[in-house]
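Some notes on the structure that comes next.
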Amino acid sequence: MAEIQSSAPAGRGTKPRRKKMSTRIDMTPMVDLAFLLLTFFILTASFSKPTVMELAMPDGKGPRTPVSEKVALTLILGKNGQVHYFFGLNTAANPATLHTTTFGSDGLRRVLLERQRQLPAPTVLIKASEDAKYRELVDALDEMTITDQQKYALVDLSADDKKLLEDNSL
């Protein structure tokens with residue numbers, strides 16, 4: 001609570017001076033109110049929910065689905081944010097022509113959209129090399145969502161794909 005303290009001036013002279021009044025304000029009720037408001041807003045606030053991308057992974061026990069070479073687009077995630085890609089499947093009998101791009105909007109996204117324009121439902125095979133980082137895999141999956149790819153799969157890098165990368169890195 002507030003209280004008023006008066007002090008008599010000590011001085012000389014014949015003219016009476018006004019008494020100086022000093023006030024002292026008790027801040028305890030204001031601090032209590034601040035903590036009550038803080039508690040109220042913390043308890044009633046709705047925090048943002050983390051966004052999670054749904055990814056259905058097969059258990060590996062079922063039969064493998066064959067992918068046609070005509071509809072396949074293979075992405076190989078390399079080092080330093082590079083994405084190597086080729087159309088179709090890479091085999092020793094029929095080696096593929098490797099192209100390189102980045103994760104920028106004029107890179108991988110453009111390749112995916114052009115392939116989607118050529119074929120209505122392409123199958124994208126995503127393969128991560130040993131030099132790829134986890135973030136690049138997440139970025140590739142984000143691009144699948146952004147470009148509305150209906151069929152894509154995470155696949156292990158084959159020996160033919162490793163040989164293709166080695167031959168093109170020279």
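Kindly evaluate T102 against the criterion of being surrounded by 15 or more Cβ atoms within 10 Å (Cβ to Cβ) and either within 25 Å of the chain's Cα centre (by Cα) or closer than 14 Å to Y85 by Cα (or both). No: the conditions fail for T102.
Summed over the range 147-166, the residues that are surrounded by fewer than 13 Cβ atoms within 10 Å (Cβ to Cβ) and at negative phi give a count of 4. Out of E114, E69, E54, one residue alone is without any contact (Cβ under 8 Å) to a residue 40 or more places away in the chain and either within 17 Å of D160 (Cβ to Cβ) or in contact with a His (Cβ under 8 Å, 6 or more places away or on another chain) (or both). It is E69.
The residues of the range 115-132 that are over 21 Å from T51 (Cβ atoms), of a type outside the set (S, T, N, Q) and surrounded by 11 or more Cβ atoms within 10 Å (Cβ to Cβ), listed by number, are R115, L119, P122, V124, L125, K127, A128, D131, A132. Within the range 123-134, residues that are within 13 Å of S158 (Cβ to Cβ) sit with their Cβ atoms under 9 Å from residues that are among the hydroxyl-bearing types (S, T, Y), at 6+ positions apart or across chains, in these pairs: L125/T74; L125/Y152; K127/T74; K127/S158; A128/Y134.
Computed from the coordinates by the stated procedures, all read-outs in this text should not be read as laboratory data. Note that the coordinates shown come from a computational prediction; the quantities given were computed from them, not determined experimentally. Every residue, glycine as well, gets a Cβ built from its backbone with ideal geometry; the counts of neighbours run over all protein chains shown.
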